[in-house]
Amino acid sequence: MKVVVLGGYGVFGGRLARLLLGDGLHVVVVGRTLAKAEAFTAEYGGEAMELDLRDPSGLREVLEPGDVVVDAAGPFQAYTEYSLARLAVECGCHALDLSDDAAFTMGISELDDAARAAGVAVLSGVSTVPALSSAVVEALRGDIEEITLIESAILPGNRAPRGRAVMAAILSQVGRPMKLWRNGAWTELPAWSGSALRDLPKGLRRAASPIGAPDLALFPGAYDARSVLFRAGLELPLMHHSLRLLGWAHRKGLLPQLDQFTTPLLWAAERMKGFGSDQGGMVMRVAGRDGQGKSLTRGWRLHMGQGKGPFVPAVPALLMIRRLIAGDVPPGARPALGEFTLEEAEAVLAKLDGSFDREATDATPLFEQALGAETWRAMPASWRRAHDLWDLNTLSGEARVTRGAGLAAKLVAALFRFPPEREKTPVSVRMERVGETEVWTRYFDGQTFRSVLSPAGSGAVRERFGPFKFQMSLPVEDGEMGMPVTHGWFLSLPLPKALLPRSETREYDEDGVFRFDVKLSAPPVGLIVHYEGWLK
């Protein structure tokens, strides 16, 4: 079997070629510049070939039935005709690609009939995503029957080599809307907006921001997951947050699409290469419930040191070529999902000085943690649906709002941005999980107020409104939950009991619908606000 690698002296293709040569295979290193291909083969072995990668027809002279063609060149966002894969099928060859583009990877299935007829395998996304990431999901899901969240982050070291095609692909997304599957529905979010911290093995912590990947399009259907998130990060905070700023400028119309600046930004990134480290890795988490409704969360973390991170995208292609040699890959054209096991990948990664661990994290929803599993499961289904927050929940309904009449009550209500008095008003609540906290944003017919809820031990939660924080106990009786205030703070200073607001809150079910009744008052001012209604 001969393996023809397009982009065979590039960042990822070159590492794949080296791995394949280490297996003793006949490798043809193909690139746009013959001198670069020859320099690579002079150092590592293999056969050099020059080719205009936009026109793969020149490969006909070297391909024989049973060979493998690997496209490690990209950028796949620019490809629409699958010309290389079609050529491989015509020649009776297998075809793999390292695509990181969701649309390209999903579209490869249009060649399925032709590939089956030719008896060859055509697989797209044979890289870190979705090939390796799906192997991680398969290994972690275990007895999780309902997957509520699949979350991934790729975090390279700053000294890792930067391929122009990969950088252009990322820049083409930054600041532009990307589709995300969250809580069972498609929503949009600007790429590289927001930031979250993720922990790698060996004590490394990196910022990560949302970016497009095949997982976002493939995993909702493949694993019936309620939410799928994918992030990437740059090691240096200056570079990571500068990219966020450029994305913001693009969203505001101050800059054109950022891939137009690939050359100067690549130049600037190379000037920063002396900073940071060669340490990078990957973090994944799968959360959900087993058949008895018990919440489960499992994580996998990978650390790559000594500059070995760029080998990771090449490992899935190596594994698939080994399987092709063994005759273990069914014919057909499809995205590379679950094509090999995580154990196979870990065996190769370990030889590349990679280390990994499986962590038992806890993504149990906040109110389930506070009430305990037994009480949680005894609550009405509508109430549990409202509070079953793993990533994002959006509820909508109707409410009646009453406000206190006195001047002091009006000032307090204005301070906390409570809604104006209405006999009937549309209401929606957006609940987003951020680490261990829940951010609740309530919309009452144009009036918005926000609070942040956090754990406070068994049977209690804390809720923060700006500089004010209140702790509430959660008494439950006959499927109805109250939320009386027990403690309060202003700028971390304890509030006297006499100044604590009185919360007469009820959350309950009525005819299968989640209902709320929130009445807030304070001894010095009387009634502040009273809102009651329903949400679905």
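The values are calculated or read from the model by the stated rules, or taken from the named source; none is laboratory data. Not measured: the values here are computed from a predicted model. Cβ coordinates were reconstructed from backbone atoms using ideal geometry, including for glycine residues, and neighbour counts include every protein chain displayed. Just the protein is used for accessible areas: all its heavy atoms, side chains included, with ligands, DNA and RNA removed. Shrake-Rupley method; radii C 1.70, N 1.55, O 1.52, S 1.80 Å.
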inquiry  = Just to compare against my own numbers: the Cα pair-distance distribution for segment 386-466, 5 Å bins, whole % per bin, please.
reply    = 3, 14, 20, 21, 19, 14, 7, 2, 0
task = Grab the beta carbon distance between GLU374 and HIS241, set R0 = 30 Å, and tell me the FRET efficiency rounded to 0.05.
result = 0.10
remark   = A student applying the Cα gyration tensor rule (rounded when a/c is under 1.5; otherwise prolate if a/b is larger than b/c, oblate if not) would label segment 121-161 oblate
task = Taking 7 Å along the Cα-to-C-beta vector as the label spot, tell me the ARG430-ASP290 distance in nanometres, rounded to one decimal.
result = 3.6 nm
Distance in nm between pseudo-label sites at VAL513 and ARG271 (7 Å out along the Cβ direction from Cα) = 6.2 nm
task = Sort the following peptides by mean Cβ neighbour count (other Cβ atoms within 10 Å, averaged over residues), highest first: 169-176, 13-20.
result = 13-20, 169-176
note = For the table LYS252/LYS273; LYS410/LYS519; LYS36/LYS273; LYS2/LYS308; LYS424/LYS536; LYS202/LYS294, the rows whose alpha-carbon distance is greater than 20 Å are LYS252/LYS273; LYS36/LYS273; LYS2/LYS308; LYS202/LYS294
message = For segment 141-229, which GluC sites (Glu not before Pro) pass both filters: DSSP loop (anything but H, G, I, E, B) and at most 16 other C-beta atoms within 10 Å?
response = GLU145
message = Above 38 Å lies some portion of the pair distances; for the chain, what is it as a whole percent of all C-alpha pairs?
response = 38 percent
inquiry  = Quick one: 3J(HN,Hα) in Hz for segment 451-467, Karplus 6.51/-1.76/1.60 with θ = phi - 60°, rounded, Gly and Pro as x.
reply    = 9, 10, 9, 9, x, 9, x, 5, x, 8, 9, 10, 10, 10, 10, x, x
task = Sort the following peptides by mean Cβ neighbour count (other Cβ atoms within 10 Å, averaged over residues), highest first: 520-529, 226-235.
result = 226-235, 520-529
query = What does the convex hull of the alpha-carbon atoms of segment 154-205 project to on average, in nm²?
reply = 5.1 nm²
inquiry  = How large is the translational diffusion coefficient of segment 447-536 in µm² per second when you combine the Kirkwood radius over alpha carbon pairs with Stokes-Einstein at 25 °C and 0.890 mPa s?
reply    = 174 µm²/s
Mean Cβ neighbour count within 10 Å, used as a protection proxy, ranking 83-91, 437-445 highest first = 83-91, 437-445
Long-range HN-HN contacts of VAL461 with modeled amide H, under 5 Å = MET472
key: Surface/4 estimate of mean projected area, convex hull on alpha-carbon atoms of segment 386-536, nm²   = 9.1 nm²
task = Would you please name the chymotrypsin sites (Phe, Trp or Tyr not before Pro) within segment 70-162 that are DSSP coil residues with at most 16 other C-beta atoms within 10 Å of their C-beta?
result = none
ask   = Please state the equivalent ellipsoid semi-axes for segment 296-404: what are the square roots of 5 times the Cα gyration tensor eigenvalues, largest first, in whole Å?
value = 45, 19, 15
ask   = At a 1.4 Å probe radius, carbon and sulfur cover how many percent of the accessible area of segment 1-140?
value = 48 percent
ask   = Expressed as cubic angstrom per residue, what is the convex hull volume of the alpha carbon set of segment 127-240?
value = 115 Å³
query = Which distance in Å, rounded to a whole number, links the C-alpha centroids of segment 86-131 and segment 1-56?
reply = 20 Å
